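Some notes on the structure that comes next.
The values are calculated or read from the model by the stated rules, or taken from the named source; none is laboratory data. This is a predicted model, so every value here is computed, not measured. Because the Cβ atoms are built from the backbone with ideal geometry, glycine has one as well, and the counts that use them run over all protein chains shown.
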Amino acid sequence: MPPRVKAPEVLTAPCAVALHARIAQAGAEVLQWTPVTSPVRMRVEASTCHQCSPITYEFGLIGGRWYIRRTDYRRGKPVVHEAVAQRHRIAEERWRMLLAGVAI
């Protein structure tokens, strides 16, 4: 049975164009994030809404490996982190966990 996830306030926003990540649940799996000072161009397969949240996520391909990129706009200048590169199946599973709020 899929985990029960509390829906965040951003899901009630008038935006229906992009994905919205749910609020992380207690005990959510913590992904290994690495700071990125000069992000490399990514072929983005999916991304979360940049209008409804100051933190956005992208799921995409860089040089044959799949990444999840987190960009935080709360401090004015964007702060970028990337999760460890994975095979598509594993990265996609982590992407879905992040959207469901069972990973952060």
Strands (runs of 3 or more DSSP E) wholly inside the range 11-104 containing at least 2 residues that are touching a residue at least 40 places away in the same chain (Cβ under 8 Å) and surrounded by 13 or more Cβ atoms within 10 Å (Cβ to Cβ)
33-36, 79-83
Please go through (1) in contact with a strand residue (DSSP E or B) (Cβ under 6 Å, 6 or more places away or on another chain); (2) at pLDDT below 95; (3) within 22 Å of E93 (Cβ to Cβ) for R43 and return the number of the only condition it doesn't satisfy.
(2)
